1. Estimate the FRET efficiency between Asp744 and Lys566 by the formula 1/(1 + (r/R0)^6), using the beta-carbon distance for r and 35 Å for R0, to the nearest 0.05.
2. Can you tell me, using C-alpha contacts under 8 Å and at least 6 residues apart, the relative contact order of the chain as a whole percent?
3. In nanometres, what is the gap between the two model label sites at Lys663 and Leu20, each 7 Å from Cα along Cα-to-Cβ?
4. Take every DSSP beta bridge whose two residues both sit in the range 6-160, then give the antiparallel share in percent to the nearest 5.
5. In nm, to one decimal, how far is the modelled label at Arg272 from the one at Ser483, with both set 7 Å along Cα→Cβ?
6. Could you work out how much longer the chain between Glu704 and Ser188 gets when fully extended? Use 0.36 nm per residue separation minus the Cα distance between them, nm to one decimal.
7. Expected output is a single nm value to one decimal: the length gained when fully extending between Asn151 and Glu264, i.e. 0.36 nm times separation in residues minus the C-alpha distance. What is it?
8. Just to be sure I understand the model, the point goes 7 Å from the Cα along the line to the Cβ. What's the resulting Lys518 to Asn651 distance in nm?
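We did not get these values from a lab; they are worked out from the coordinates using the rules stated. Note that the structure is predicted; figures quoted are calculated from it, not measured. Cβ placement follows ideal geometry from the backbone for every residue including glycine, while neighbour counts extend to all protein chains displayed.
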Amino acid sequence: MLEISIKDGKIYSYIRDKWLVCTPEEEVRQGFIYTLINKFGYLPDQIAEEVQVNNSQRGQGQARADIVVWKSVEDKINNKSAFIVVECKAENVKIHEEDYYQGYNYAAWAGASFFVTTNNRETKYFNVDKTMMPKRLEEIVTIPTAGEADNERRVKEILSQTKTFSREEFTTMLLKCHNIIRNNDKLSPEAAFDEISKILFIKINYEREQKGKEIFKVDEYERREALHEKEIRPNLRGTSKDLPYMQFMFLNTKEQFKNDHLFEENEIIKIRETSFKSILKLLEKYNLSDTSDDVKGIAFEQFLGRTFRGELGQFFTPRTIVDFMTEVLDPQEGELVCDPCCGSGGFLIKAFDYIKEKIEKDIQGKKDKFKAELTAQYPENRTEAQEIELNSKIDKVFQQLNKELEHIHLNDPSEYSRLDVLSYKSIFGTDANPRMARTSKMNMIMHGDGHGGVHHHDGLININGIFEGRFDVILTNPPFGASVGKDQYIEIDDVENDAKRIAYYKNLYGEEYEKQLKELQRIANIVPGEDKKLKKEKSLLNFYETGKMSALTEVLFIERCLRLLKPGGRMGIVLPEGVLNNSKLQLVREYFEGKAKIILICSIPQDVFIKAGATVKPSLVFLKKFTDEETKQYNGIVAKARKVVDEKYANAIQEIELNYKSKIFRTKAQYLRELKAIEDKKQEEMKPLIKEWFDYQIPIAKVEKAGITTTGAPCENELNDVLTEYKEYNSKNPLWNITGSIWDYVLDSNLVVSKINVKKQVKVGDLI
C-alpha cells in the first residue's frame, strides 16, 4: 500500500515522479491520489494531474483539472474521454455550490461520467449527466472501483445510487410517499403529511446520531427490528416502551423533541408497517444530514406547496414578500428573531439564511485580513521554504476561523461557534396549528438548522423562549379575519407547568421568563364560575389592551408583537389594509402610534395572497418600538398636549360642575354625558398637537406588481425598486443603529485566534 511522503516542506507526487512544494491544496490532492490507488484500485498509469480541459463546443473555457482518471491505461494513452475528474481544495477552504458546478464543467468538458470534490474534511461524488439541460448536480454514494469501470451494468447502478437529491427529484419522491399513505392507509392529505413528517423526523434523528455516516435503510431497519424483538423488547415488558420497533423508534424521536410540544404524549405512527417500509425504501438513498441545505430546503418547500396550497394556503407567505420584509428590517447577528405565528417557517428560514450569509462574509473578511498580515511578514520574492512556511501558517489560522461556520454545540456556551449561536439560540417561532409547527421545524432543519426555538403553541400566549420584551426583530403574517371570543380563556393547558422544563427554561432565559410565567399561571388557575370579574380577568381578550377595542386576531397580534419586542426593536407585519383606514379601528392605530414609530407602509396588490385564500387587500407595515428615551419623549408630549387642552376647557368644565351642583341637570347621567362630550373634544384636539410635536417622516409606497400573480406565477416585482429606494432613505435617516459584526478576532504570536466581543458591555456568553 502506497503512503504519502512529506519531508523538508516537500510532498512526493507518485504520478509525476517528483517532489512538489507541500501547499495545503497539494497535500489534499496527493492524499486523494493515494486513495484512488489504494482504495479504488486504479493504476498510477491511469491517473494524471493538472490536465488541461476545455469546452470544445464553445472553443473557450480552458482550465486545468486537478486529477483525471481514465477507464484504462490504453484510454489515457489514446487520449480518449476521461472517466473521473477530481477537484481538490485545501482543507481550510469551505467548498461552495459554485465549486461543485466548476467541477461539473471540467468533468463534462473532459467527457467524464463522474466527478469528485474533496478538501479532506468533506468528499462528495457526483454523477455527470451530459444530456441534462440545464445541468443538474446529483450526488451519489461512491465512484466505481477500477475493476468495475468496464462493467457497464455496475457503472449504471452506481450512477443511479443518488446520495442526496435534486430539488425536483426530492419533491417528486415526497409526493410518492404521500400517495403510498393515501392509497394504503386511506388518510387525508393532511393526515398523510403528518405521517411523512414523523418518518422524516425519525430518519433525521437516526442520521444525526450516526453523524451522517450511515443512511437509514430498510435492511438496517429490519436488522435492528430483529435485534429489538429478540433482545431488547423482552426486557421492556410492562413498561411504556414495550412497543413494536417502528413505534419504539418514534418514541425515542419524540423524546428528542419533547420540549417543543410537537407531538402529543400518546401519539403514535398511524400507518401500516408495510407503508412505513415502502416510504423508507424511497427515502433510503437520500442522506438528509449530508445534503446541501439549499437543495433539500427548497425541495421540501416545493413539496409543501404542491401538497398544501389548496388546504392550508394561509400558512404560506409568498417568497417575494418574505424576502422584501426581511431586507427592510435587516436582522443582524446577535439579534433575536421571532415569528409568533410562523406557519411553514418562511420568515424564520429567510432570517436564518440572511444572518448566516453575513457571518460567512465576515469570516471571509477576517481570513483575507489575516492572510494579508501574514503575507506582509515575508518578502515578495519568497523561497520555496518560505512559501511553505507561509502557507502552513495561513492554513492553521483558516482552520480556526472555519470552526465558526460549523456546528460545534459544546456544553460550554462561551465556546459555541457563531453558527451554533445563530442556529440554536437566536431564532424563535410558534404556531397554534400543530401540523404547521412540525412543518416549520422540519423546514428549518432542511435549510441547515435554527429549529431549536420552534414550538407548537398559541402565538398570543408566552411559551418557552417566546415572552415579552425579549426580541430585536419580529417578522410575521398573522391570521386575518378570525376573532377571539370573550369566553376564550387562558387555561392551565396553555401554560407550562412541568417543573423540570420550567427549571430548564429559567436557566436559559432568566428571571424575566419566570416572572411572566408566574403571572400566566395565576390567570390560568382562576376558576371563574359565574363571577363576571373573574371571567373577565381570565379572558384572553382582557390580557391585551387592544382587546377592549377589537377582538380581531390581526389587531391582537399587533399588540402581541410590540410587547414581544425590546425597546427599540423593530417588526414587519402583514395586515389587511382595513386596519390602516377603517374608522372603527382608529383607536387601534392610535394605540400602536403611541408605542412605536412607523418605519414604512407598503400597499401591495390583493393578487399576492389570493391563491392563499385571502379576500382582503393587504399592506406591509413596519414599526420600530419606542426606545426608553422615545417613550419618555412621547409621554412628555402627551402630557403637554393634555395640559393645553385642559386649560382651554377648564372654564367649560367648571360651568358643568356648577350646573350640576345647582341641580340645573335633571339627572347625574346628563351631567356625565356633558363631561364626556368635553373629554371627547379634548381627545380630538390633543391628536394634532401630538402629531405636530412628535413629528417624523413616514415613508409610504404602493406597488401594483409584487412578483406573483393570482395563479401563483411569477411576474414583475416592483418591491425591489421600493427596497432600493428605502435603503437609500434609511441610510440618510436611520431609525435604528446597525452595529455590524459583534465579533472580532486577534492573532497572537503562536497563531492562536481568539474571539472577542467588540461590544464591551456584552460578555461572550450574553448572546447565548
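1. Numbers: r = 24 Å, r/R0 = 0.68.
For Asp744 and Lys566, the calculated efficiency is 0.90.
2. Values: 1172 pairs, mean separation 72.3, N = 768.
Here the relative contact order equals 9 percent.
3. For Lys663 paired with Leu20, the spin-label model returns 11.2 nm.
4. 85 percent
5. Distance between the two pseudo-spin positions: 4.8 nm.
6. Values: separation 516, 0.36 × 516 = 185.76 nm, distance 3.76 nm.
Residue separation times 0.36 nm, minus the Cα-Cα distance, leaves 182.0 nm.
7. Working: separation 113, 0.36 × 113 = 40.68 nm, distance 5.15 nm.
Between Asn151 and Glu264, full extension yields 35.5 nm more.
8. 5.4 nm
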